[in-house]
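The values are calculated or read from the model by the stated rules, or taken from the named source; none is laboratory data. Here the structure is a predicted model, which means the values were calculated and not measured. Here the Cβ positions follow ideal geometry from the backbone for every residue, glycine too, while neighbour counts run over all protein chains shown. In case anyone asks, the SASA skips ligands and DNA or RNA and just uses the protein heavy atoms, side chains included. Shrake-Rupley method; radii C 1.70, N 1.55, O 1.52, S 1.80 Å.
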Amino acid sequence: MVEIVKTFANIGLVWHEVYIEADSVKALPTIEIIWLPDMTVKESKERIRGTFRNSWIELPKRKFVLNLAPSDTKKIWTWFDVPMALALLLRIWSWSLFHHEKIQTSLFFGELWLDGSIKRINGLLPSVLSAKKKWRKEFFIPAENLYELEYVPWITIYPLQHFWQLIQYFCEWKELECVEWWKDVDSLSENQTFEVDFQHIKWQLVAKRALSIAMAWFHNVLMVWAPWSWKTMMSKAMKSIFPPLTFDEILEVSQIYSVVWKLNKELPLITQRPFRQVHHTASRFSIIWWGTHLTPWEVSLAHKGILFFDELTEFPRETLEVLRQPLEDRVVNISRVAWTVEYPSNFMFIASMNPCKCGYYKDKHKACTCSPMDIKRYQSKISWPLLDRIDVILEVPRENIDTILDNNLAENSATIREKVIHARQIQQQRFKWTWLSANAHMWAKDIQNLIPLSSECKDFLSQAAEKLNLSWRVVHRTIKLARTIADMQNKAEISVQNLAEAIQYRSRSMFVDNE
(Lines give C-alpha, C1' and ligand atoms only; values in the text may rest on other atoms or scores of the structure.)
Protein backbone atom coordinates (compact mmCIF):
# COMPACT_ATOMS: atom_id res chain seq x y z
CA MET A 1 0.00 0.00 0.00
CA VAL A 2 1.30 3.45 -0.95
CA GLU A 3 1.44 5.94 1.94
CA ILE A 4 0.94 9.68 1.34
CA VAL A 5 2.07 12.70 3.40
CA LYS A 6 1.39 16.27 2.30
CA THR A 7 3.42 19.47 2.34
CA PHE A 8 3.82 22.63 0.24
CA ALA A 9 6.51 23.77 -2.21
CA ASN A 10 7.13 27.14 -3.78
CA ILE A 11 8.07 28.62 -7.12
CA GLY A 12 8.72 32.25 -6.25
CA LEU A 13 5.69 33.31 -4.22
CA VAL A 14 3.40 30.81 -5.94
CA TRP A 15 2.92 27.80 -3.71
CA HIS A 16 1.85 24.30 -4.68
CA GLU A 17 0.67 21.37 -2.61
CA VAL A 18 3.08 18.43 -2.83
CA TYR A 19 2.10 14.81 -2.19
CA ILE A 20 4.91 12.57 -0.94
CA GLU A 21 4.19 8.95 -1.82
CA ALA A 22 6.17 6.12 -0.22
CA ASP A 23 6.37 2.59 -1.59
CA SER A 24 8.80 -0.32 -1.30
CA VAL A 25 9.79 -3.46 -3.19
CA LYS A 26 12.11 -6.42 -2.63
CA ALA A 27 15.40 -5.29 -4.13
CA LEU A 28 18.81 -3.99 -3.13
CA PRO A 29 18.34 -1.76 -0.06
CA THR A 30 18.25 1.88 -1.09
CA ILE A 31 16.11 5.01 -1.01
CA GLU A 32 15.17 6.63 -4.32
CA ILE A 33 13.65 10.13 -4.53
CA ILE A 34 11.97 10.92 -7.84
CA TRP A 35 10.09 13.69 -9.71
CA LEU A 36 12.19 16.87 -9.99
CA PRO A 37 14.14 16.90 -6.71
CA ASP A 38 17.19 19.16 -6.66
CA MET A 39 20.50 18.04 -5.15
CA THR A 40 19.52 19.22 -1.67
CA VAL A 41 16.38 17.07 -1.74
CA LYS A 42 18.27 14.07 -3.10
CA GLU A 43 20.68 14.30 -0.16
CA SER A 44 17.70 13.96 2.21
CA LYS A 45 17.95 10.17 2.10
CA GLU A 46 21.17 10.31 4.12
CA ARG A 47 19.62 12.65 6.68
CA ILE A 48 16.60 10.30 6.92
CA ARG A 49 18.87 7.28 7.46
CA GLY A 50 20.73 9.13 10.22
CA THR A 51 17.45 10.19 11.85
CA PHE A 52 16.10 6.63 11.86
CA ARG A 53 19.37 5.24 13.20
CA ASN A 54 19.49 7.76 16.06
CA SER A 55 15.78 7.29 16.80
CA TRP A 56 16.21 3.49 17.18
CA ILE A 57 14.16 2.73 14.07
CA GLU A 58 15.36 -0.16 11.94
CA LEU A 59 15.09 0.39 8.21
CA PRO A 60 14.19 -2.91 6.42
CA LYS A 61 16.50 -4.14 3.71
CA ARG A 62 14.22 -3.17 0.85
CA LYS A 63 14.18 -0.60 -1.92
CA PHE A 64 12.08 2.41 -0.92
CA VAL A 65 10.74 4.89 -3.49
CA LEU A 66 9.67 8.40 -2.46
CA ASN A 67 7.67 10.10 -5.19
CA LEU A 68 7.22 13.89 -4.93
CA ALA A 69 4.07 14.70 -6.92
CA PRO A 70 3.05 16.62 -8.98
CA SER A 71 5.71 16.23 -11.60
CA ASP A 72 5.60 19.82 -12.96
CA THR A 73 6.69 21.43 -9.67
CA LYS A 74 10.41 21.64 -8.96
CA LYS A 75 11.32 20.65 -5.40
CA ILE A 76 14.13 22.60 -3.74
CA TRP A 77 15.60 23.21 -0.25
CA THR A 78 15.33 20.92 2.76
CA TRP A 79 11.76 21.37 4.04
CA PHE A 80 10.77 17.99 2.54
CA ASP A 81 12.91 16.06 5.07
CA VAL A 82 10.23 15.64 7.75
CA PRO A 83 7.32 14.69 5.45
CA MET A 84 9.53 12.22 3.53
CA ALA A 85 10.72 10.61 6.75
CA LEU A 86 7.13 10.36 8.01
CA ALA A 87 5.93 8.81 4.73
CA LEU A 88 8.75 6.28 4.93
CA LEU A 89 7.86 5.48 8.54
CA LEU A 90 4.23 4.91 7.58
CA ARG A 91 5.38 2.44 4.93
CA ILE A 92 7.59 0.57 7.40
CA TRP A 93 5.23 0.38 10.36
CA SER A 94 1.60 -0.60 10.47
CA TRP A 95 -0.54 2.43 9.65
CA SER A 96 -3.01 1.39 12.34
CA LEU A 97 -0.53 2.59 14.99
CA PHE A 98 -1.00 6.17 13.83
CA HIS A 99 -3.67 8.86 13.86
CA HIS A 100 -3.93 8.24 10.15
CA GLU A 101 -6.70 10.80 9.60
CA LYS A 102 -4.66 13.53 11.31
CA ILE A 103 -1.73 12.78 9.01
CA GLN A 104 -3.89 13.18 5.91
CA THR A 105 -5.40 16.50 7.01
CA SER A 106 -2.17 18.15 8.25
CA LEU A 107 0.87 19.58 6.49
CA PHE A 108 4.44 18.82 7.55
CA PHE A 109 7.60 20.91 7.21
CA GLY A 110 11.12 20.73 8.53
CA GLU A 111 14.79 20.01 7.93
CA LEU A 112 16.30 16.95 9.60
CA TRP A 113 19.75 16.65 11.08
CA LEU A 114 21.47 13.30 11.47
CA ASP A 115 20.63 13.12 15.19
CA GLY A 116 16.91 13.47 14.38
CA SER A 117 16.56 17.09 15.48
CA ILE A 118 14.29 19.28 13.35
CA LYS A 119 15.71 22.64 12.32
CA ARG A 120 14.21 25.83 10.91
CA ILE A 121 13.47 26.32 7.23
CA ASN A 122 13.16 29.45 5.13
CA GLY A 123 10.05 30.68 3.33
CA LEU A 124 7.59 28.98 5.70
CA LEU A 125 5.25 31.97 6.17
CA PRO A 126 4.02 32.23 2.54
CA SER A 127 3.61 28.47 2.40
CA VAL A 128 1.36 28.40 5.47
CA LEU A 129 -0.65 31.41 4.27
CA SER A 130 -1.19 29.76 0.89
CA ALA A 131 -2.26 26.52 2.55
CA LYS A 132 -4.61 28.44 4.81
CA LYS A 133 -6.39 29.83 1.74
CA LYS A 134 -7.03 26.20 0.76
CA TRP A 135 -8.62 25.54 4.16
CA ARG A 136 -5.62 23.83 5.69
CA LYS A 137 -5.58 24.52 9.43
CA GLU A 138 -3.03 22.21 11.09
CA PHE A 139 0.72 22.46 10.58
CA PHE A 140 3.64 20.50 12.02
CA ILE A 141 6.62 22.84 11.82
CA PRO A 142 10.11 23.26 13.34
CA ALA A 143 9.94 24.92 16.76
CA GLU A 144 12.56 27.41 15.54
CA ASN A 145 10.03 28.69 12.97
CA LEU A 146 7.28 29.35 15.50
CA TYR A 147 8.07 33.08 15.76
CA GLU A 148 6.84 33.91 12.23
CA LEU A 149 3.55 32.00 12.54
CA GLU A 150 2.48 33.12 16.02
CA TYR A 151 0.66 36.10 14.54
CA VAL A 152 -1.33 34.23 11.88
CA PRO A 153 -4.96 33.73 13.03
CA TRP A 154 -7.15 30.64 12.79
CA ILE A 155 -4.47 27.98 12.47
CA THR A 156 -3.15 25.24 14.78
CA ILE A 157 0.62 24.85 15.04
CA TYR A 158 2.54 21.84 16.37
CA PRO A 159 6.14 22.94 17.00
CA LEU A 160 8.71 20.12 16.72
CA GLN A 161 12.25 19.91 18.03
CA HIS A 162 12.96 16.23 17.30
CA PHE A 163 11.53 13.59 14.97
CA TRP A 164 10.92 11.34 17.98
CA GLN A 165 8.22 13.80 19.16
CA LEU A 166 6.29 13.07 15.95
CA ILE A 167 6.55 9.33 16.55
CA GLN A 168 5.41 9.63 20.17
CA TYR A 169 2.43 11.77 19.21
CA PHE A 170 1.10 9.61 16.37
CA CYS A 171 1.67 6.41 18.37
CA GLU A 172 -0.31 8.00 21.23
CA TRP A 173 2.63 7.59 23.59
CA LYS A 174 2.88 11.27 24.48
CA GLU A 175 0.86 14.39 23.74
CA LEU A 176 2.35 17.16 21.66
CA GLU A 177 1.75 20.74 22.73
CA CYS A 178 0.06 22.88 20.10
CA VAL A 179 -0.41 26.61 19.62
CA GLU A 180 -4.00 27.58 18.79
CA TRP A 181 -4.06 31.21 19.93
CA TRP A 182 -2.31 33.88 17.96
CA LYS A 183 -0.52 36.95 19.23
CA ASP A 184 -1.58 40.52 18.55
CA VAL A 185 0.60 42.02 15.84
CA ASP A 186 0.29 45.44 17.52
CA SER A 187 2.68 44.15 20.17
CA LEU A 188 5.44 44.31 17.54
CA SER A 189 4.81 47.97 16.76
CA GLU A 190 6.71 49.91 19.36
CA ASN A 191 7.22 53.65 19.45
CA GLN A 192 9.82 54.38 16.83
CA THR A 193 12.40 57.15 16.89
CA PHE A 194 13.77 58.53 13.64
CA GLU A 195 17.20 59.98 13.06
CA VAL A 196 15.75 62.69 10.79
CA ASP A 197 12.52 64.58 11.53
CA PHE A 198 11.04 67.16 9.17
CA GLN A 199 10.87 69.69 12.01
CA HIS A 200 14.67 69.96 11.88
CA ILE A 201 14.56 70.82 8.16
CA LYS A 202 13.58 74.47 8.50
CA TRP A 203 14.13 75.25 4.85
CA GLN A 204 13.05 73.80 1.49
CA LEU A 205 9.35 74.43 2.15
CA VAL A 206 8.36 73.68 -1.45
CA ALA A 207 10.32 70.43 -1.46
CA LYS A 208 8.82 69.34 1.87
CA ARG A 209 5.30 69.98 0.60
CA ALA A 210 6.02 68.06 -2.60
CA LEU A 211 7.43 65.12 -0.64
CA SER A 212 4.40 64.96 1.66
CA ILE A 213 2.10 64.98 -1.40
CA ALA A 214 4.18 62.21 -2.99
CA MET A 215 3.97 60.11 0.17
CA ALA A 216 0.19 60.49 0.17
CA TRP A 217 0.24 57.69 -2.39
CA PHE A 218 3.55 56.48 -3.73
CA HIS A 219 4.26 59.13 -6.37
CA ASN A 220 7.85 58.73 -7.61
CA VAL A 221 10.27 61.58 -6.85
CA LEU A 222 13.56 62.83 -8.32
CA MET A 223 15.47 65.65 -6.55
CA VAL A 224 18.04 67.61 -8.55
CA TRP A 225 20.51 70.29 -7.45
CA ALA A 226 24.03 70.96 -6.27
CA PRO A 227 25.77 69.10 -3.40
CA TRP A 228 24.87 70.09 0.17
CA SER A 229 21.27 70.96 -0.72
CA TRP A 230 20.05 68.27 1.75
CA LYS A 231 18.54 65.96 -0.86
CA THR A 232 19.63 62.79 0.93
CA MET A 233 18.56 64.10 4.34
CA MET A 234 15.03 64.85 3.10
CA SER A 235 14.81 61.43 1.48
CA LYS A 236 15.67 59.72 4.75
CA ALA A 237 13.18 61.93 6.59
CA MET A 238 10.46 60.26 4.52
CA LYS A 239 10.67 57.29 6.90
CA SER A 240 9.23 59.48 9.65
CA ILE A 241 5.98 60.14 7.73
CA PHE A 242 5.29 56.54 6.69
CA PRO A 243 1.61 55.66 7.12
CA PRO A 244 1.07 52.38 9.01
CA LEU A 245 0.76 49.05 7.25
CA THR A 246 -2.51 47.17 7.53
CA PHE A 247 -2.41 43.60 8.84
CA ASP A 248 -2.86 42.19 5.32
CA GLU A 249 0.00 44.39 4.08
CA ILE A 250 2.20 43.23 6.97
CA LEU A 251 1.69 39.61 5.93
CA GLU A 252 2.18 40.49 2.25
CA VAL A 253 5.54 42.19 2.87
CA SER A 254 6.65 39.62 5.44
CA GLN A 255 6.18 36.80 2.92
CA ILE A 256 8.84 38.35 0.69
CA TYR A 257 11.25 38.74 3.61
CA SER A 258 10.57 35.15 4.66
CA VAL A 259 11.60 33.92 1.20
CA VAL A 260 14.91 35.85 1.39
CA TRP A 261 15.62 34.57 4.94
CA LYS A 262 15.36 37.95 6.66
CA LEU A 263 12.85 37.02 9.38
CA ASN A 264 14.11 35.94 12.82
CA LYS A 265 13.07 35.98 16.47
CA GLU A 266 13.95 39.65 16.79
CA LEU A 267 12.07 40.47 13.56
CA PRO A 268 9.23 37.92 13.23
CA LEU A 269 7.19 40.14 10.87
CA ILE A 270 7.79 43.34 8.90
CA THR A 271 5.49 45.84 10.64
CA GLN A 272 7.04 49.05 9.25
CA ARG A 273 7.22 50.07 5.62
CA PRO A 274 10.62 49.14 4.12
CA PHE A 275 13.20 51.76 3.18
CA ARG A 276 15.77 50.25 0.83
CA GLN A 277 18.79 52.33 -0.17
CA VAL A 278 20.78 50.94 -3.10
CA HIS A 279 24.46 51.69 -3.63
CA HIS A 280 25.47 52.84 -7.10
CA THR A 281 27.81 49.84 -7.52
CA ALA A 282 24.81 47.47 -7.59
CA SER A 283 24.37 45.53 -10.82
CA ARG A 284 21.13 45.31 -12.81
CA PHE A 285 20.74 41.70 -11.67
CA SER A 286 21.05 42.48 -7.95
CA ILE A 287 18.31 45.09 -8.26
CA ILE A 288 15.83 42.43 -9.42
CA TRP A 289 16.99 39.06 -8.08
CA TRP A 290 19.94 37.06 -6.81
CA GLY A 291 20.90 33.40 -6.50
CA THR A 292 20.25 30.40 -8.69
CA HIS A 293 16.68 30.01 -7.39
CA LEU A 294 15.53 33.47 -8.56
CA THR A 295 15.20 34.93 -5.07
CA PRO A 296 13.64 38.43 -5.08
CA TRP A 297 15.79 41.39 -4.16
CA GLU A 298 15.71 45.19 -3.97
CA VAL A 299 12.64 46.07 -6.08
CA SER A 300 10.62 43.46 -4.19
CA LEU A 301 12.16 44.07 -0.76
CA ALA A 302 10.96 47.68 -1.14
CA HIS A 303 7.36 46.49 -1.75
CA LYS A 304 4.88 48.83 0.02
CA GLY A 305 7.80 51.07 0.96
CA ILE A 306 10.54 53.22 -0.57
CA LEU A 307 13.35 52.33 -2.96
CA PHE A 308 15.99 55.09 -2.70
CA PHE A 309 18.73 55.66 -5.26
CA ASP A 310 21.24 58.28 -4.07
CA GLU A 311 23.46 59.87 -6.75
CA LEU A 312 21.28 58.50 -9.54
CA THR A 313 23.65 59.45 -12.36
CA GLU A 314 26.44 57.37 -10.80
CA PHE A 315 24.45 54.22 -11.64
CA PRO A 316 25.15 52.56 -15.01
CA ARG A 317 22.40 53.28 -17.52
CA GLU A 318 21.60 49.58 -18.01
CA THR A 319 20.99 49.29 -14.25
CA LEU A 320 18.51 52.18 -14.30
CA GLU A 321 16.68 50.83 -17.34
CA VAL A 322 15.62 47.66 -15.50
CA LEU A 323 13.47 49.88 -13.26
CA ARG A 324 11.15 50.91 -16.08
CA GLN A 325 8.98 47.79 -16.07
CA PRO A 326 8.59 47.52 -12.24
CA LEU A 327 7.76 51.24 -12.02
CA GLU A 328 5.04 50.87 -14.63
CA ASP A 329 3.53 47.47 -13.80
CA ARG A 330 4.35 47.26 -10.05
CA VAL A 331 5.43 43.64 -10.50
CA VAL A 332 8.65 42.11 -11.76
CA ASN A 333 8.74 39.01 -13.96
CA ILE A 334 11.88 36.88 -14.08
CA SER A 335 12.15 34.26 -16.80
CA ARG A 336 14.84 31.61 -16.96
CA VAL A 337 15.21 28.20 -18.59
CA ALA A 338 13.74 26.28 -15.65
CA TRP A 339 10.71 28.44 -14.80
CA THR A 340 9.21 31.93 -14.67
CA VAL A 341 8.43 33.73 -11.42
CA GLU A 342 6.59 36.94 -10.58
CA TYR A 343 7.20 39.10 -7.52
CA PRO A 344 5.31 42.20 -6.33
CA SER A 345 7.26 45.47 -6.56
CA ASN A 346 4.77 48.17 -5.65
CA PHE A 347 7.20 50.72 -4.21
CA MET A 348 7.70 54.47 -4.12
CA PHE A 349 10.85 55.40 -6.04
CA ILE A 350 12.92 58.29 -4.67
CA ALA A 351 16.17 59.39 -6.27
CA SER A 352 18.58 62.28 -5.93
CA MET A 353 21.23 63.52 -8.31
CA ASN A 354 23.60 66.36 -9.07
CA PRO A 355 22.94 68.19 -12.36
CA CYS A 356 26.51 67.69 -13.63
CA LYS A 357 29.84 66.07 -12.77
CA CYS A 358 31.09 68.96 -10.64
CA GLY A 359 27.57 69.44 -9.27
CA TYR A 360 27.20 73.20 -9.76
CA TYR A 361 25.35 73.57 -13.04
CA LYS A 362 23.02 76.62 -12.67
CA ASP A 363 24.12 77.11 -9.06
CA LYS A 364 23.89 80.73 -7.85
CA HIS A 365 26.79 80.48 -5.43
CA LYS A 366 29.48 78.62 -7.34
CA ALA A 367 30.38 78.46 -11.03
CA CYS A 368 30.12 75.19 -12.94
CA THR A 369 33.37 73.89 -14.45
CA CYS A 370 31.75 71.39 -16.85
CA SER A 371 31.41 71.91 -20.58
CA PRO A 372 27.95 71.59 -22.20
CA MET A 373 29.01 68.26 -23.70
CA ASP A 374 30.17 66.99 -20.29
CA ILE A 375 26.83 67.96 -18.75
CA LYS A 376 24.88 66.28 -21.54
CA ARG A 377 26.98 63.11 -21.27
CA TYR A 378 26.55 63.05 -17.49
CA GLN A 379 22.76 63.45 -17.65
CA SER A 380 22.34 61.02 -20.55
CA LYS A 381 22.49 58.08 -18.12
CA ILE A 382 18.87 58.88 -17.31
CA SER A 383 16.61 58.15 -20.26
CA TRP A 384 13.47 60.15 -21.02
CA PRO A 385 11.25 57.04 -20.68
CA LEU A 386 12.55 56.66 -17.12
CA LEU A 387 11.92 60.34 -16.39
CA ASP A 388 8.38 59.96 -17.75
CA ARG A 389 7.73 57.43 -14.98
CA ILE A 390 8.65 59.95 -12.28
CA ASP A 391 5.77 62.10 -11.04
CA VAL A 392 7.72 64.77 -9.14
CA ILE A 393 10.98 66.29 -10.38
CA LEU A 394 12.15 68.74 -7.74
CA GLU A 395 14.79 71.41 -8.02
CA VAL A 396 16.26 71.66 -4.53
CA PRO A 397 18.47 74.78 -4.32
CA ARG A 398 20.89 75.40 -1.48
CA GLU A 399 19.57 77.52 1.36
CA ASN A 400 21.19 80.49 3.05
CA ILE A 401 23.28 79.54 6.10
CA ASP A 402 21.24 81.89 8.30
CA THR A 403 18.08 79.94 7.48
CA ILE A 404 19.75 76.68 8.41
CA LEU A 405 21.05 78.03 11.73
CA ASP A 406 17.67 79.47 12.69
CA ASN A 407 16.49 77.90 15.97
CA ASN A 408 12.79 77.99 15.06
CA LEU A 409 11.45 74.52 14.34
CA ALA A 410 9.36 73.77 11.26
CA GLU A 411 6.30 71.55 10.95
CA ASN A 412 7.16 68.17 12.47
CA SER A 413 6.84 64.75 10.89
CA ALA A 414 3.95 63.68 13.13
CA THR A 415 1.75 66.50 11.79
CA ILE A 416 2.70 65.76 8.19
CA ARG A 417 2.05 62.06 8.78
CA GLU A 418 -1.52 62.80 9.93
CA LYS A 419 -2.15 64.70 6.68
CA VAL A 420 -0.75 61.82 4.66
CA ILE A 421 -2.95 59.29 6.46
CA HIS A 422 -6.03 61.49 5.94
CA ALA A 423 -5.32 61.76 2.19
CA ARG A 424 -4.91 58.00 1.97
CA GLN A 425 -8.22 57.44 3.72
CA ILE A 426 -9.92 59.63 1.11
CA GLN A 427 -8.38 57.55 -1.67
CA GLN A 428 -9.33 54.28 -0.03
CA GLN A 429 -12.92 55.49 0.11
CA ARG A 430 -12.76 56.45 -3.59
CA PHE A 431 -11.43 53.04 -4.65
CA LYS A 432 -13.42 50.82 -2.28
CA TRP A 433 -15.44 49.31 -5.17
CA THR A 434 -12.40 48.79 -7.41
CA TRP A 435 -9.18 46.76 -7.33
CA LEU A 436 -7.18 50.00 -7.03
CA SER A 437 -5.74 51.34 -3.80
CA ALA A 438 -4.15 54.69 -4.71
CA ASN A 439 -4.20 57.55 -7.19
CA ALA A 440 -0.74 56.61 -8.44
CA HIS A 441 -1.99 53.14 -9.42
CA MET A 442 -4.70 54.26 -11.84
CA TRP A 443 -4.59 53.38 -15.53
CA ALA A 444 -5.90 55.57 -18.35
CA LYS A 445 -9.44 54.13 -18.20
CA ASP A 446 -9.53 54.66 -14.42
CA ILE A 447 -8.52 58.29 -14.81
CA GLN A 448 -11.34 58.86 -17.28
CA ASN A 449 -13.93 57.20 -15.03
CA LEU A 450 -12.81 58.33 -11.58
CA ILE A 451 -11.23 61.77 -12.10
CA PRO A 452 -13.66 64.04 -14.00
CA LEU A 453 -12.05 67.26 -15.26
CA SER A 454 -13.87 70.50 -15.91
CA SER A 455 -13.60 72.13 -19.34
CA GLU A 456 -11.36 74.79 -17.80
CA CYS A 457 -8.97 72.13 -16.47
CA LYS A 458 -8.95 70.32 -19.81
CA ASP A 459 -8.08 73.52 -21.69
CA PHE A 460 -5.30 74.34 -19.24
CA LEU A 461 -3.85 70.84 -19.44
CA SER A 462 -4.04 70.80 -23.24
CA GLN A 463 -2.15 74.08 -23.51
CA ALA A 464 0.47 72.97 -20.96
CA ALA A 465 1.02 69.64 -22.74
CA GLU A 466 1.50 71.38 -26.08
CA LYS A 467 3.79 74.11 -24.74
CA LEU A 468 5.93 71.82 -22.57
CA ASN A 469 5.86 68.89 -25.03
CA LEU A 470 4.49 66.45 -22.44
CA SER A 471 3.96 62.80 -23.33
CA TRP A 472 0.63 61.11 -22.64
CA ARG A 473 2.23 59.20 -19.79
CA VAL A 474 3.31 62.50 -18.21
CA VAL A 475 -0.16 64.00 -18.73
CA HIS A 476 -1.77 61.06 -16.95
CA ARG A 477 0.73 61.23 -14.11
CA THR A 478 0.08 64.96 -13.80
CA ILE A 479 -3.65 64.34 -13.42
CA LYS A 480 -3.04 61.67 -10.79
CA LEU A 481 -0.66 63.95 -8.87
CA ALA A 482 -3.19 66.81 -9.06
CA ARG A 483 -5.84 64.46 -7.67
CA THR A 484 -3.56 63.71 -4.70
CA ILE A 485 -2.94 67.43 -4.15
CA ALA A 486 -6.70 67.99 -4.06
CA ASP A 487 -7.02 65.11 -1.56
CA MET A 488 -4.43 66.78 0.68
CA GLN A 489 -6.60 69.91 0.57
CA ASN A 490 -9.77 67.84 1.14
CA LYS A 491 -11.29 69.01 -2.16
CA ALA A 492 -13.82 66.95 -4.10
CA GLU A 493 -12.81 68.28 -7.55
CA ILE A 494 -9.48 69.06 -9.19
CA SER A 495 -8.89 72.75 -9.84
CA VAL A 496 -6.64 74.52 -12.32
CA GLN A 497 -4.43 75.48 -9.37
CA ASN A 498 -3.97 71.80 -8.51
CA LEU A 499 -2.94 71.03 -12.09
CA ALA A 500 -0.58 74.01 -12.15
CA GLU A 501 1.10 72.87 -8.94
CA ALA A 502 1.42 69.32 -10.30
CA ILE A 503 3.05 70.62 -13.50
CA GLN A 504 5.35 72.83 -11.42
CA TYR A 505 6.63 69.69 -9.69
CA ARG A 506 7.74 68.33 -13.06
CA SER A 507 10.34 70.98 -13.86
CA ARG A 508 13.07 69.86 -16.26
CA SER A 509 15.00 73.09 -16.42
CA MET A 510 18.05 71.38 -14.92
CA PHE A 511 18.34 69.06 -17.94
CA VAL A 512 20.29 70.42 -20.90
CA ASP A 513 18.11 68.62 -23.47
CA ASN A 514 15.16 70.70 -22.29
CA GLU A 515 16.77 74.04 -23.11
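Measure out, as a whole number of angstrom, how far apart the alpha-carbon centroids of the range 415-430 and the range 216-255 sit. The distance from the Cα centre of the range 415-430 to that of the range 216-255 comes to 15 Å.
Charge dipole (Cα centre; +1 on Lys/Arg Cβ, -1 on Asp/Glu Cβ; no other charges) of the chain amounts to roughly 860 debye. Each Cα pair under 8 Å and six or more residues apart adds its separation to the average, and for the chain the resulting relative contact order is 13 percent.
Multiplying each eigenvalue of the alpha-carbon gyration tensor of the range 367-486 by 5 and taking the square root yields semi-axes of 31, 26, 14 Å, largest first, rounded to whole angstroms. Reducing the range 326-367 and the range 146-201 to their Cα centroids gives an inter-centroid distance of 36 Å.
Relative to the present Cα-Cα distance, how much length would full extension add between Met1 and Glu175 at 0.36 nm per residue of separation?
59.9 nm
Computed extension length for Leu114-Arg53: 21.1 nm, one decimal, from 0.36 nm per residue of separation with the Cα-Cα distance subtracted.
Pairs with C-alpha atoms separated by more than 29 Å, drawn from the list Lys236/Lys419; Lys432/Lys480; Lys26/Lys137; Lys134/Lys262; Lys63/Lys102, are Lys26/Lys137.
Rg and Dmax over the alpha-carbon atoms of the range 226-334 stand at 14.7, 43 Å. Per residue, the chain exposes an accessible area of 46 Å² to a 1.4 Å probe, with every protein chain left in place. With loop membership from DSSP and a limit of 11 other Cβ atoms within 10 Å, the longest segment of the chain without trypsin sites (Lys or Arg not before Pro) is 175-264.
Straight-line cross-link partners of Lys74 among the aspartates and glutamates, defined as a Cα under 12 Å from its Cα and at least 8 positions apart when in the same chain: Glu17, Asp38.
Expressed as a whole percent, the accessible area of the range 260-391 that falls on carbon and sulfur atoms is 54 (1.4 Å probe).
By how many degrees, 0 to 90 and rounded to 10, does the Cα axis of helix 44-54 deviate from the longest principal axis of the chain? For helix 44-54, the angle is close to 50 degrees. Here's the list of aspartates and glutamates a cross-link from Lys458 could span, going by alpha-carbon distance under 16 Å and ignoring same-chain residues fewer than 8 apart: Glu466, Glu493, Glu501.
The fraction of Cα-Cα pairs per 10 angstrom bin, counted from 0 for the range 1-151, comes to 11, 43, 37, 9, 0 percent, rounded to whole percents.
For Ser471 and Ser371, the FRET efficiency from 1/(1 + (r/R0)^6), where r spans their Cβ atoms and R0 equals 25 Å, is about 0.30.
Placing unit charges on the Cβ atoms of the charged side chains and taking the dipole of the range 134-282 about its Cα centre, the candidate lying farthest along the positive direction among Ile213, Val260, Trp154 is Ile213.
Across the range 132-258, C-alpha contacts under 8 Å between residues 6 or more apart give a mean separation that, scaled by the residue count, equals a relative contact order of 18 percent.
Radius of gyration (Cα atoms) of the chain, expressed as a multiple of 2.2 N^0.38 Å: 1.19. Placing pseudo-labels 7 Å out from each Cα toward the beta carbon at Leu28 and Leu188 gives an inter-label distance of 5.0 nm. Normalised Debye scattering of the range 296-442 at q = 0.14 Å⁻¹ gives log10 I(q)/I(0) of -0.95, counting only Cα atoms as equal scatterers and leaving out solvent. Suppose we flag chymotrypsin sites (Phe, Trp or Tyr not before Pro) only when DSSP calls them loop and at most 13 other Cβ atoms lie within 10 Å. Which is the longest uninterrupted stretch of the chain? With a cap of 13 other Cβ atoms within 10 Å, the longest stretch comes to 262-432. Average 1/r across all pairs of distinct alpha carbons in the range 144-244, invert it, and you get the Kirkwood radius: 18.3 Å. Fully extending the segment from Trp135 to Trp77 would add 18.4 nm, taking 0.36 nm per residue of separation and subtracting the current Cα-Cα distance. Here the ratio of the Cα radius of gyration of the range 302-362 to 2.2 N^0.38 Å is 1.40. Bridges between two residues of the chain, per DSSP, are antiparallel at a rate of about 45%.
Students often get this wrong, so check it: of Lys75/Lys265; Lys132/Lys183; Lys208/Lys445; Lys6/Lys45, which have C-alpha atoms separated by over 20 Å? Checking Cα-Cα distances, Lys75/Lys265; Lys208/Lys445 exceed 20 Å.
In a simple Cβ point-charge model (Lys, Arg +1; Asp, Glu -1; nothing else charged), the range 289-368 has a dipole of about 260 debye relative to its Cα centre.
Axis of helix 247-259 versus longest Cα principal axis of the chain: the two differ by about 70°, to the nearest ten degrees. Basic side chains Lys and Arg get +1 at the Cβ, acidic Asp and Glu get -1 at the Cβ, and with that the dipole of the range 229-288 about its Cα centre reaches some 360 debye.
Rounding to the nearest 10 and keeping the result within 0 to 90°, find how far the Cα-based axis of helix 413-430 lies from the longest principal axis of the chain. Value to nearest ten degrees: 70.
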